[in-house]
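Report on the following structure.
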């Protein structure tokens, strides 16, 4: 009896099973894995450049509550960063359109989605005004939407606001470094930087307190 045939067949079957398991596990957790890797990139950047990074920030205004995946305070700008994972490609008429489409590799429309660039810009403006910025002051806020490297972008009108970006994960650290390096804006002075960071700390602490109170209320019902 040639045991090598049985062993080879068993190894092949095992590899097939492992491949199937990996496919389903990866498919189920791909978004979480991607978001974790995106966070690691931003974390390394913040450590390397001594930037201030906050994650999962909620801001409660008089009319709404907005959620920001990441807030990064650089030397010259505050970056409101959204991380989005898509299994297929993106298409849209413009960056200012409220709705885009998910398309397959052949350009077939699969479904309609909210334009992440448009809505992250809106969140960025809410954050800016919440922190005391207005049109008379120097621009200091940037909106960045980070998507997975495998997703292609097809936008008919490629014009975009100067403070807004859509970038693949592999390029996000490079983008932020270029913005900081190439901008003619002066760096934050210590007083302004401390004021921004303290305000963001209060936002984060207040949000955590409110979330804890809401959980306690729900648990007691």
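When both segment 78-107 and segment 151-193 are represented by their alpha-carbon centers, they are found 17 Å apart. The stretch between residue 114 and residue 175, if pulled fully straight at 0.36 nm per residue, gains 19.6 nm over its current Cα-Cα span.
As an exercise, take the mean of 1/r over every pair of distinct alpha carbons in segment 65-127, invert it, and state the Kirkwood radius in angstroms. The Cα-based Kirkwood calculation yields 13.1 Å.
Across segment 30-216, the mean sequence separation of Cα contacts (distance under 8 Å, 6 or more residues apart), normalised by length, yields a relative contact order of 22 percent.
Quick one: 61, 83, fewest Cβ neighbours within 10 Å first, how do they rank? Can you show the working numbers first?
Values: 61 11, 83 23.
Ranking 61, 83 by Cβ neighbours within 10 Å, fewest first, gives 61, 83.
With contacts taken as Cα pairs under 8 Å at a separation of at least 6 residues, segment 140-196 carries a relative contact order of 37 percent. Using the Cβ-Cβ distance between residue 29 and residue 75 with R0 set to 30 Å, the FRET efficiency from 1/(1 + (r/R0)^6) comes to roughly 0.30.
For segment 30-216, what does the equivalent ellipsoid look like in terms of its semi-axes, each the square root of 5 times an eigenvalue of the Cα gyration tensor, given largest first in whole Å?
27, 20, 17
Beyond 15 Å, how much of the Cα-Cα pair distribution for segment 106-154 remains, as a whole percent? So the pairs more than 15 Å apart make up 58 percent of the total in segment 106-154.
We did not get these values from a lab; they are worked out from the coordinates using the rules stated. As the structure is a computational prediction, the values presented were derived from the model and not from experiment. Methodologically, a virtual Cβ is constructed for each residue, glycine included, from the backbone with ideal geometry; neighbour enumeration extends over all protein chains shown.
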